Amino acid sequence: GQQLNQSPQSMFIQEGEDVSMNCTSSSIFNTWLWYKQEPGEGPVLLIALYKAGELTSNGRLTAQFGITRKDSFLNISASIPSDVGIYFCAGQGNQGGKLIFGQGTELSVKP
Amino acid sequence: SAVISQKPSRDICQRGTSLTIQCQVDSQVTMMFWYRQQPGQSLTLIATANQGSEATYESGFVIDKFPISRPNLTFSTLTVSNMSPEDSSIYLCSARSGGYEQYFGPGTRLTVT
């Protein structure tokens, strides 16, 4: 079945630094979604990507749909303490419309 | 977007009992899903809740253990039956409306003793 590899697994950064994380797949996806989950909460949708090569921003967040349709990355610029949480990528392929989730990237920001 | 609420937000249950989790969406949605998330882990799809018909279960999940109802386009329930400590987890309701954007509820934190 389809699998997503998300990296890095965790990041410890200083406030103000930029952050980059990515997801890769062995198969093609038609949609990529990026979520953030804070402790005690459900995942919150940050960015949705629908076309290969698409670059979309949401404030300090920027995500791209890879040209090969097998990868996506998320950048956070000028990180702040409230960026702390677990970021998940999710891809949707051709079959059944199910979302496939990455393992998550846990982000810690030191003030 | 869709705003999703779940009840209860958390519960502590004894083994052998059952718990029903309710999910309410603030607008009509085409698809509803139930996920399980173990502590520190990613999300695992349990089933797709189909309106007016039996849910579609993923491999490893069965209807006798996780019966699901979806009587209309805004509401669904998940029951965790005959619970054991291994069922301790976060259970998340999710919904998709029309397009590909999928939204999640706040989750139900279940502890089985």
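Shape call for region B:20-77 from the C-alpha gyration tensor, a ≥ b ≥ c root eigenvalues: rounded (a/c under 1.5), prolate (a/b greater than b/c) or oblate? Oblate shape, in that a/c is at least 1.5 and b/c is the bigger or equal ratio. By the count of neighbouring beta-carbon atoms within 10 Å, fewest first, B:Ser59, A:Ser72 end up ordered B:Ser59, A:Ser72.
In terms of other Cβ atoms within 10 Å, A:Ile13, A:Ile67 run from fewest to most in the order A:Ile67, A:Ile13.
To the nearest 20 debye, what charge dipole does region B:11-82 have about its Cα centre, counting +1 at the Cβ of each Lys and Arg and -1 at the Cβ of each Asp and Glu? Before the final figure, lay out the partial values.
Details: 4 positive and 5 negative charges, 26 e Å.
In total the dipole reaches around 120 debye.
Put in order of Cβ neighbour count within 10 Å, fewest first, the listed residues B:Asp11, B:Asp64, A:Asp83 become B:Asp64, B:Asp11, A:Asp83.
Shielding of peptide A:37-43 by partners, expressed as the average count of other chain Cβ atoms within 10 Å per residue Cβ, is 6.
Peptide B:90-100 has a mean of 2 when you count, residue by residue, the C-beta atoms of other protein chains within 10 Å of its C-beta.
Ignore the peptide's own chain and count Cβ atoms of other chains within 10 Å of each Cβ in A:22-34; give me the average, rounded. Numbers along the way, then the final one.
Values: counts 0, 0, 0, 0, 0, 0, 0, 0, 1, 4, 1, 3, 0.
Neighbouring Cβ atoms belonging to other protein chains average 1 per residue here.
Within the shell defined by Cβ-Cβ distances under 12 Å, the residues around A:Tyr50 carry a net charge of 0, with Lys and Arg each +1 and Asp and Glu each -1. When Lys and Arg each count +1 and Asp and Glu each count -1, what net charge do the other residues less than 15 Å away from B:Thr79, Cβ to Cβ, add up to? Charge balance in the 15 Å sphere: 0.
Bear in mind that the values in this text are calculations on the coordinates, not laboratory data. Not measured: the values here are computed from a predicted model. FYI the Cβ positions are ideal-geometry reconstructions off the backbone, even for glycines, and counts take in every protein chain you see.
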